Every structure is written in C-alpha cells, then in structure tokens.
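Contents: one structure, followed by commentary.
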Amino acid sequence: MAQVKNLNGTSDNHPPIGYSSWKEWWEKKKGRSFNYCSCKECTNKAIVGAHVQKAYDTDRKWYIVPLCTECNVSKKNMVFEVSDFDLEPVN
C-alpha cells in the first residue's frame with residue numbers, strides 16, 4: 001500500500017490528446033478496467049481517475065488512481081492508503 005494525498009486544483013488538467021478522460025487513459029496504460037475504489041477499506045465502485053501524489057516521499061510525481069466519488073471528495077486534505085498496483089504516473 002502507498003500513502004498518498006489528493007492533489008487539489010487539478011480539475012483543469014486534461015488527459016493527453018486521444019483520451020476522453022483520465023479513467024480511459026488509466027485503463028489503456030494499465031491494460032485493465034476500473035474496478036473498485038483503490039482507497040484501503042473502501043468497497044465502492046471506482047468512478048474517477050484521481051490525481052494523487054505520494055505522501056512522506058521524495059517522489060514528487062503525479063499519479064492517477066481509481067477512486068469512488070465519495071473518497072475523491074472526502075479525502076481532499078488527508079493522507080490515505082491506496083494499492084501500489086493501481087498507481088499510474090502521469091509525468
């Protein structure tokens with residue numbers, strides 16, 4: 001598991017040309033479909049490709065991770081755990 005935090009103010013960041021959403025981009029990169037929210041102990045269906053950054057780490061990359069709408073909103077200013085397997089670097 002990786003400790004991450006949501007990046008605020010990234011709604012203006014659009015996926016690369018050729019992708020209609022960060023979800024579509026993530027699925028293409030990972031070669032699999034969104035399933036459940038990647039947030040530890042959440043069993044909701046993943047809806048959004050959320051921008052996150054690892055917390056407490058020198059790695060300053062941005063990642064896309066599948067989250068449910070509830071976790072994407074409620075964890076805005078918190079550190080939370082997601083599956084390392086679900087992190088896909090953006091930059």
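The values are calculated or read from the model by the stated rules, or taken from the named source; none is laboratory data. Keep in mind the model is a prediction, meaning the values are calculated, not measured. Cβ: placed from backbone, ideal geometry, glycine included. Neighbour counts: every protein chain shown.
Quick one: count up the residues across the range 39-79 that are part of a strand (DSSP E or B), of a type in the set (A, V, I, L, M, F, W, C) and within 22 Å of residue 29 (Cβ to Cβ). Don't jump to the end; show me each part of the working.
Going through the range 39-79, the residues part of a strand (DSSP E or B) turn out to be 39, 45, 48-54, 62-67, 79.
Of the ones still in play, those that are also of a type in the set (A, V, I, L, M, F, W, C) are 39, 48, 50, 52, 62, 64-65, 67, 79.
Applying the additional criterion that residues be within 22 Å of residue 29 (Cβ to Cβ) yields 39, 48, 50, 52, 62, 64-65, 67.
Total satisfying the criteria: 8.
What residue, of 13, 8, is touching a strand residue (DSSP E or B) at 6+ places or on another chain (Cβ under 8 Å) and not basic (Lys, Arg)?
Working: 8 fails: touching a strand residue (DSSP E or B) at 6+ places or on another chain (Cβ under 8 Å).
It is 13.
Residue pairs whose Cβ atoms lie under 7 Å apart, separated by 6 or more positions or on different chains, with the first residue in the range 34-63 and in contact (Cβ under 8 Å) with a residue 24 or more places away in the chain and hydroxyl-bearing (Ser, Thr, Tyr) and the second surrounded by 20 or more Cβ atoms within 10 Å (Cβ to Cβ) and part of a strand (DSSP E or B), are 38/65; 38/66; 38/67; 38/82; 63/52.
Of 45, 29, which residue is at pLDDT 95 or above, exposed (fewer than 15 other Cβ atoms within 10 Å of the Cβ) and closer than 15 Å to residue 91 by Cβ? The unique qualifying residue is 29.
Just the residues that are among the β-branched types (Val, Ile, Thr) and more than 12 Å from residue 49 (Cβ to Cβ), please, taken from the range 6-20.
17 - this is the single residue of the range 6-20 that is among the β-branched types (Val, Ile, Thr) and more than 12 Å from residue 49 (Cβ to Cβ).
The lone criterion from (1) within 18 Å of residue 21 (Cβ to Cβ); (2) buried (at least 21 other Cβ atoms within 10 Å of the Cβ) left unmet by residue 80 is number (1).
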